[in-house]
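Enquirer: Here it is, the structure, as structure tokens.
The values are calculated or read from the model by the stated rules, or taken from the named source; none is laboratory data. Model, not experiment: these values are computed from the prediction. Ideal geometry is used to build each Cβ from the backbone, glycine not excepted, and the neighbour counts take in all protein chains shown.
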Amino acid sequence: MQIGYKNLSFALAILLAGALVALLLVLTAGGDEPGEAAPVDVYSPFGLFSPGLLSDMPTSAGLKIVETLGVDSVSGYQNYSLALTKELGVSWVRMDFTYDGWNFIESPDYLEKIHSNGIDVVGCVLPMNSFAPADLASFKASFRDLVHRYPWIRVWQIGNEPDLSWDNPLDYPRFFFAGQQVVRSECPDCKVALAGAGARWPGQDEQGWRNSLGLYDRIIGDIAIMSPGIPKPFDIIDMHFYDFYGTEDGMLETLSEYRNLPLKHGLGHDIEFWVTECATPTGPITWPVGSPVQTEEQQASELVTRFVTMLGAEVKRVAWSRFYENYRYHDSEGGFFDNTGLIYNGIGYEAATGIGAGSKKQAFFAYRTLATKIGGCSRVFRLGPGAYKFFFDGDRVPVYVLWEAGSSALPAGLSGPVVVTDLAGNVTYSTGENLLLSSAPVFVESRPAGVESS
């Protein structure tokens, strides 16, 4: 998320991690399930945006995080972030490569460490300033070298949030095509992603998000005009979604609006839809003023319901934003973006309660359970409000993700013995007839023959 202020002097660029689980996903037969079948991406869909990234905070704030955590160096912080990312079990991360007018800011040693751990990186190239580089030829030459330095990066995103961070967002198409031409020529089988849209974020009113939508409408329209006869000038459109607990209707509305933009301008029907930034906070926050105080339980529940709902709406990949908490993000201490992490940094409101740096929130375990239970799915059906069924290749039984959403009716396929896994990963045994749902999602599978309750 970028809202005006950027301080990239803290070029630690402790950038990104996530574990790539290369599972080939093939569509299977649909049966008699209601609704549309949403095939999931060829990789596990669950990711992170910028684990360990500190470049959007003042230098002193980044140093404070490293100091409070108690690691002895930047490299130590990178190792710490990488280990937690692997523990979380997500399969990919988005990494930002900032262009300073001459070169890209990067951490090659850390990137190689990420790669050697089997981690998939989505590379996002963006200008340091709030406008396209004056010398696009130099940018293209530097980007060409970057692509060749990291041949294992197979998805390149061109820019980020021009609707929020650019002085003139309508100048973005020039920058896009400069980057797109490099990817298409140097890595023809790589995918190109359009810059992520700021879309919805706290403090933004209805007119604000409509303005963002309108800008992307014009940007995509300009790109379509500049590429006549090319049905897919980009392979992926990306949207960012930051909001509070219980905002499913607004999220689905926003997804639908942005999904329709490429089709409106005659671009390919097979353009993928991703969400590379998404989060909701815990605790009291200083900004926006008057925000609700959310519990860890609410954050954990919202993470799972939000991501499951996105997958059911045919979003291919979803990522939580910065799993370790920020500090003075965009120089605003204690605001929304300081409290969305899955792990406390020990500097915010939690310090007064004795919660130390590195303590995991309930949402960390919920995300780990989500990635474990349905990370290898091949397709998903939305059965109704709060009811989704995930299918897998091979002999693995389907997994239902269920929560109470206005109806007590359970899917017909859940009669008889079942295994129930809660957000923390705890397993209990029940029957479908006795299963009681709440607002917190659970993962439910038919109980295999011979497995008894304990």
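Enquirer: Quick one: is Gly221 touching a residue at least 24 places away in the same chain (Cβ under 8 Å) and either touching a helix residue (DSSP H, G or I) at 6+ places or on another chain (Cβ under 6 Å) or surrounded by fewer than 21 Cβ atoms within 10 Å (Cβ to Cβ) (or both)?
Expert: When the stated conditions are applied, Gly221 passes them.
Per-residue answers, yes or no, for (1) farther than 30 Å from Glu67 by Cα; (2) hydrophobic (A, V, I, L, M, F, W, C); (3) over 16 Å from the mean Cα position of the chain (by Cα):
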residue: Thr254; (1), (2), (3): yes, no, no
residue: Ser291; (1), (2), (3): no, no, yes
residue: Gln294; (1), (2), (3): no, no, yes
residue: Glu325; (1), (2), (3): no, no, no
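Enquirer: Limited to segment 153-198, what total is found for residues that are assigned to a helix (DSSP H, G or I) and not aromatic (Phe, Trp, Tyr)? Talk me through it step by step, then tell me what you get.
Expert: From segment 153-198, those assigned to a helix (DSSP H, G or I) are 162-165, 169-186; that's our starting set.
Now narrow it down to the ones that are not aromatic (Phe, Trp, Tyr): 162-165, 169-171, 173-174, 178-186.
Residues flagged as assigned to a helix (DSSP H, G or I) and not aromatic (Phe, Trp, Tyr) within segment 153-198 amount to 18.
Enquirer: Something else about it: Working only within segment 57-76, note down all residues that are in contact with a Leu (Cβ under 7 Å, 6 or more places away or on another chain) and either farther than 20 Å from Ala351 by Cα or aliphatic (A, V, I, L, M) (or both). Show your work before the answer.
Expert: Going residue by residue through segment 57-76, those that are in contact with a Leu (Cβ under 7 Å, 6 or more places away or on another chain) are 62, 65, 74.
The answer is Ile65, Val74.
Enquirer: Report yes if some residue within segment 313-323 is within 26 Å of Pro58 (Cα to Cα), over 20 Å from the mean Cα position of the chain (by Cα), among the polar types (S, T, N, Q) and at pLDDT below 95; otherwise report no. Steps first, please.
Expert: Filtering segment 313-323 down to residues within 26 Å of Pro58 (Cα to Cα) leaves 319-323.
Still in the running and over 20 Å from the mean Cα position of the chain (by Cα): none.
No - not one qualifying residue is present in segment 313-323.
Enquirer: Filter segment 136-176 for residues that are of a type in the set (A, V, I, L, M, F, W, C) and touching a Ser or Thr at 6+ places or on another chain (Cβ under 8 Å) and give the result. Before you say what the answer is, go through the steps one by one.
Expert: Of all residues in segment 136-176, those of a type in the set (A, V, I, L, M, F, W, C) come to 136-137, 139, 141, 143, 146-147, 152-153, 155-156, 158, 164, 166, 170, 175-176.
Passing the criteria: Leu164, Trp166.
Enquirer: So which residues in segment 240-265 are under 23 Å from Val293 (Cβ atoms) and either of a type outside the set (D, E, K, R) or assigned to a helix (DSSP H, G or I) (or both)? Quick ask: steps written out before the conclusion?
Expert: First pass over segment 240-265, keeping only residues under 23 Å from Val293 (Cβ atoms): 241-251.
Within segment 240-265, Phe241, Tyr242, Phe244, Tyr245, Gly246, Thr247, Glu248, Asp249, Gly250, Met251 meet the criteria.
Enquirer: Of all residues in segment 71-110, which are of a type outside the set (Phe, Trp, Tyr), within 16 Å of Val122 (Cβ to Cβ) and crowded, with 22+ Cβ neighbours inside 10 Å?
Expert: Those that are of a type outside the set (Phe, Trp, Tyr), within 16 Å of Val122 (Cβ to Cβ) and crowded, with 22+ Cβ neighbours inside 10 Å: Thr85, Val90, Ser91, Val93, Arg94, Met95, Asp96.
Enquirer: Here's something else I'd like to know. For segment 362-373, state whether one or more residues are closer than 23 Å to Pro441 by Cβ, assigned to a loop (DSSP other than H, G, I, E, B) and of a type in the set (Val, Ile, Thr). Spell out the reasoning first.
Expert: Going residue by residue through segment 362-373, those that are closer than 23 Å to Pro441 by Cβ are 362-373.
Now restrict to residues that are assigned to a loop (DSSP other than H, G, I, E, B): none.
No; the residues of segment 362-373 include none that is closer than 23 Å to Pro441 by Cβ, assigned to a loop (DSSP other than H, G, I, E, B) and of a type in the set (Val, Ile, Thr).
Enquirer: Phe336 fails exactly one of the following numbered conditions: (1) touching a residue at least 24 places away in the same chain (Cβ under 8 Å); (2) touching an Asp or Glu at 6+ places or on another chain (Cβ under 8 Å); (3) buried (at least 18 other Cβ atoms within 10 Å of the Cβ); (4) more than 30 Å from Pro398 (Cβ to Cβ). What is the number of that condition?
Expert: (2)
Enquirer: Next question. Inspect all residues belonging to segment 233-247 and state whether any of them is over 19 Å from Met310 (Cα atoms), in contact (Cβ under 8 Å) with a residue 12 or more places away in the chain and surrounded by 15 or more Cβ atoms within 10 Å (Cβ to Cβ).
Expert: Filtering segment 233-247 for residues over 19 Å from Met310 (Cα atoms) gives 233-234.
Now narrow it down to the ones that are in contact (Cβ under 8 Å) with a residue 12 or more places away in the chain: 233-234.
With surrounded by 15 or more Cβ atoms within 10 Å (Cβ to Cβ) added as a condition, the list becomes 233-234.
Scanning segment 233-247 turns up at least one residue that is over 19 Å from Met310 (Cα atoms), in contact (Cβ under 8 Å) with a residue 12 or more places away in the chain and surrounded by 15 or more Cβ atoms within 10 Å (Cβ to Cβ).
Enquirer: Can you tell me how many residues within segment 131-170 are small (Gly, Ala, Ser), surrounded by 16 or more Cβ atoms within 10 Å (Cβ to Cβ) and within 20 Å of Ile223 (Cα to Cα)?
Expert: Residues of segment 131-170 that are small (Gly, Ala, Ser), as a first pass: 132, 134, 137-138, 141-142, 159, 165.
Keeping just the survivors that are surrounded by 16 or more Cβ atoms within 10 Å (Cβ to Cβ) gives 132, 142, 159, 165.
From the residues that got through so far, the ones that are within 20 Å of Ile223 (Cα to Cα) too are 132, 159, 165.
So the count comes out to 3.
Enquirer: If you take the residues in segment 115-135 that are touching a Ser or Thr at 6+ places or on another chain (Cβ under 9 Å) and of a type in the set (A, V, I, L, M), which one is farthest from Phe46 (Cα to Cα)?
Expert: Met128
Enquirer: Follow-up question, since we're still on this one. Scan segment 397-439 for residues that are surrounded by 13 or more Cβ atoms within 10 Å (Cβ to Cβ) and in a helix (DSSP H, G or I) and report the count.
Expert: Going through segment 397-439 one residue at a time, the tally reaches 3.
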